[in-house]
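Contents: one structure, followed by commentary.
The values are calculated or read from the model by the stated rules, or taken from the named source; none is laboratory data. On a predicted model such as this, the values are computed, not experimentally measured, just so you know. All Cβ positions, even for glycine, are placed from backbone atoms using ideal geometry, and neighbour counts span all protein chains on display.
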Amino acid sequence: MSQQLQDKIAQLEEQLQALQAEKKALLKIVSHDLRSPLNKIYALVGLIKMADDNLTGEQLDYLDKIELIINDGLARMHNLMDLRSLEEQRFEVNKEPLAAGRLLKKALAEQMAQARRKQITLTYEGPDPVVSTDRLLFLRVMWQLLSNAIKFSPPGSKVIVRLTEQEDKIWIEVIDGGYGIRKEEVGRLFGKFSVLSSKPTAGESTNGLGLYLAANMARLLGGKVIYPEAEKPVFVFILPKG
C-alpha cells in the first residue's frame, strides 16, 4: 500500500471520528437541552387549562392540540435518547422478580392521557405471572408498542393488551384498532428510521424509530417483538419468565 493511500485512509478515519463526535453532540442537544423548554410549555398549558371557567370550548380545543404537539416532540426526544443509549451500549439490564400483569397495567396507565385525547379505550386481559426482567426496559418496550398502537388506531376504537403464558415464556399481544401492515412492507417493519405507508390517524408525526427501539430493547431482555400476521393489527412481545 502506497504512503499516499495510507495518508488518505488516515484522513478519512479522522473525518469519520469527527462526524461521529458531532452526531453524539447533536443528539445530546436535541434529546436533553430542547426537552426542558418543552416541559415548561407543557406545564404552562396545564396551568391555563386549570382556569377553564374563563376559557371557551374553542380555546380548550387549541390547548389540547398544543399538548398533543408537545407530547409528540417529547416522545421524539425520548426516542433519540433511547437510540443513543442503544448505540453506545449504555443500557444496564438489572433483572428482578416482577408481576407482569401489574407492570402492564402501569404501562397502560402511562398512556391513558394519550388515549383519552383520541377517545381510545385501553384494556388489559390476562393473569399476573411473575417474570424475571428489568423494570425500565420492560416498560420502555411497552411504551413504544402502546404509543404505536394508539397513534395508528382511529379515534373511538380500542387497544387491548392480552397476556398469555406458554411454558417458560409469556406472550404479550398488543391489539390495536388500525388496519395492520401491508404484506410488502413487513420486511421493513423493524428497521431504523423505517417509515411505512400507514399514517397516524390524528396527524401525529412518526420518525420510524419506535418499533426499532422496541425490538432491540426486547432483545436486551432475552425476548423479541414480532408481527405474526400481515394486515392484522397485532404485535407480540415474547419474554422468557426466567
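Only one of the numbered conditions (1) on the phi < 0 side of the Ramachandran plot; (2) without any contact (Cβ under 8 Å) to a residue 12 or more places away in the chain is violated by residue 189, and that is (2).
If only residues of the range 111-140 that are touching a residue at least 60 places away in the same chain (Cβ under 8 Å) and of a type in the set (A, V, I, L, M) are counted, the one that is farthest from residue 222 (Cα to Cα) is 130. Considered as a group, the residues in the range 200-220 that are in a loop (DSSP other than H, G, I, E, B) and within 16 Å of the chain's Cα centre (by Cα) include one that is surrounded by the fewest Cβ atoms within 10 Å (Cβ to Cβ), and that residue is 205.
So, residue 108, is that one hydrophobic (A, V, I, L, M, F, W, C), outside the structural domain of residue 155 (by TED's automatic domain parsing) and either in contact (Cβ under 8 Å) with a residue 24 or more places away in the chain or part of a strand (DSSP E or B) (or both) or not? For residue 108, the condition - hydrophobic (A, V, I, L, M, F, W, C), outside the structural domain of residue 155 (by TED's automatic domain parsing) and either in contact (Cβ under 8 Å) with a residue 24 or more places away in the chain or part of a strand (DSSP E or B) (or both) - is not met. Scanning the range 205-225 for residues that are touching a helix residue (DSSP H, G or I) at 6+ places or on another chain (Cβ under 9 Å) and over 14 Å from residue 144 (Cβ atoms) yields one hit, 205. For first residues located in the range 77-88 and part of a helix (DSSP H, G or I), partners that are basic (Lys, Arg) and lie 6+ apart or on another chain with Cβ distances below 7 Å form the pairs 77/35; 82/140. I'd like to know if the range 112-123 contains one or more residues that are surrounded by fewer than 17 Cβ atoms within 10 Å (Cβ to Cβ) and in a strand (DSSP E or B). Within the range 112-123, one or more residues are surrounded by fewer than 17 Cβ atoms within 10 Å (Cβ to Cβ) and in a strand (DSSP E or B). For the range 223-240, residues that are surrounded by 16 or more Cβ atoms within 10 Å (Cβ to Cβ) and assigned to a loop (DSSP other than H, G, I, E, B) total 3. Residue 74 satisfies every condition listed in (1) assigned by TED's automatic domain parsing to the domain that holds residue 163; (2) surrounded by fewer than 17 Cβ atoms within 10 Å (Cβ to Cβ) except (1). When residue 64 is tested against (1) without any contact (Cβ under 8 Å) to a residue 24 or more places away in the chain; (2) in a helix (DSSP H, G or I), only condition (1) is not met.
For the range 44-60, the condition holds for no residue, the condition being that it is β-branched (Val, Ile, Thr) and in contact (Cβ under 8 Å) with a residue 60 or more places away in the chain. Being in contact with a helix residue (DSSP H, G or I) (Cβ under 8 Å, 6 or more places away or on another chain) and more than 20 Å from residue 78 (Cβ to Cβ) is a property that residue 196 has.
Report whether or not residue 147 is farther than 22 Å from residue 242 by Cβ, in contact (Cβ under 8 Å) with a residue 60 or more places away in the chain and surrounded by fewer than 15 Cβ atoms within 10 Å (Cβ to Cβ). Criteria not met by residue 147. When the range 161-195 is filtered for residues that are of a type in the set (A, V, I, L, M, F, W, C), buried (at least 17 other Cβ atoms within 10 Å of the Cβ) and under 17 Å from the mean Cα position of the chain (by Cα), the ones remaining, listed by number, are 161, 172, 174, 175, 189, 190.
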